[in-house]
Amino acid sequence: MPDKSTSSEVVASGASPSAEVAAEAVASAPARKIYPIVKYGDPILEKPTATVKTFDAELEQLAENMFASMYAAQGVGLAAPQIGLSLRLSVIDVTVGKNPEAKIVIANPEIIHAEGEVREEEGCLSIPGFRGYVMRPQFVTVRAQNVKGETFEIRGENLLARAFCHEIDHLNGVLFLQHLSMLKRDLIKRKIKKLKKQGEW
Ligand code: NI
């Protein structure tokens, strides 16, 4: 999901909002691959993904590259299909790199509990320029595996709960457009079709 924060606060390393410290962190950290984000219209975004089965150094690197790609795009969440990989893996950081401890990797996640309702505007890095109001639970509990394959449970509230729902939807081939009214959804689809025709999508 795109975030409203300014781009100057977003750093590729995800370590610090300070440019100087960020430059140092980038220098010492391994090089990160920034993936282009797959846009709406690519069928990979609307297909359920495959279970993560191998938890190795490669998966860890993939997750870090997904964080880097997400920060570069100023998002708070990114799912593997959005970089062209049909894999049940998402990364989330509702602080957009301001707090390294807020980085969450969810492999093979499932929502095991949901509570309350919040209607809030939502967007998606794969549908840039469009937003819509989506009803989501206020609290969700997710059971997932981390990059090491260890199962954990995590509870999210408000934006984090929304991010969990949005990213897990992605892994099921569901986009936020599907939660909008048919009228609003068709309007957005028509505009995207027009942008495609103009070569701007
Ligand atoms: Ni999205």
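Derivation of every value follows stated rules applied to the coordinates shown; laboratory data play no part. The model shown is predicted, which means the values in this text are computed figures rather than measured ones. As a convention, Cβ positions derive from the backbone with ideal geometry for all residues, glycine included, and neighbour counts pool all protein chains shown.
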For this session: Please list, or write none, the aspartates and glutamates whose alpha carbon is within less than 15 Å of the alpha carbon of Lys191, excluding same-chain residues fewer than 8 places away.
Result: Glu200
Exercise. Kirkwood hydrodynamic radius (Cα pairs, Å) of the chain?
Worked result: 17.2
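Helix-only mean residue ellipticity at 222 nm, the chain, DSSP H runs n ≥ 4 weighted -39,500 (n - 2.57), per residue, nearest 500. What is it?
Working: 4 runs with 55 residues, N = 201.
Counting only the DSSP helices, I get -9000 deg cm²/dmol.
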Problem set entry | Reachable lysines, given that their alpha-carbon falls under 16 Å from the alpha-carbon of Lys98 and they are not under 8 places away in the same chain | Lys4
Problem set entry | Per-residue ³J(HN,Hα) for segment 152-159, Karplus 6.51 cos²θ - 1.76 cosθ + 1.60, θ = phi - 60°, Hz, x for Gly and Pro | 9, 10, 9, 10, x, 10, 6, 4
Problem set entry | Percent antiparallel among DSSP beta bridges (both partners in the chain, rounded to 5) | 95
Exercise. Taking a ≥ b ≥ c as the square roots of the eigenvalues of the Cα gyration tensor of segment 102-161, is the shape rounded (a/c under 1.5), prolate (a/b larger than b/c) or oblate?
Worked result: oblate
For this session: Step through the residues of segment 32-38 one at a time and calculate ³J(HN,Hα) from phi using the Karplus curve (6.51 cos²θ - 1.76 cosθ + 1.60, θ = phi - 60°), rounding each to whole Hz and writing x for Gly and Pro.
Result: 9, 8, 9, 7, x, 8, 5
Problem set entry | Highest to lowest packing among 142-150, 73-81, 165-173, 49-57, scored as the average C-beta count within 10 Å | 73-81, 165-173, 142-150, 49-57
Exercise. Excluding same-chain residues fewer than 8 positions from Lys53, which aspartates and glutamates have a Cα within less than 20 Å of its Cα?
Worked result: Glu64, Glu110, Glu150, Glu153, Glu167, Asp169
Problem set entry | segment 8-197: relative contact order as a whole-number percent, Cα under 8 Å and 6+ apart | 22
Exercise. What full-extension length gain, to one decimal in nm, is calculated for Glu157 and Lys53 as 0.36 nm per residue of separation minus the Cα-Cα distance?
Worked result: 34.6 nm
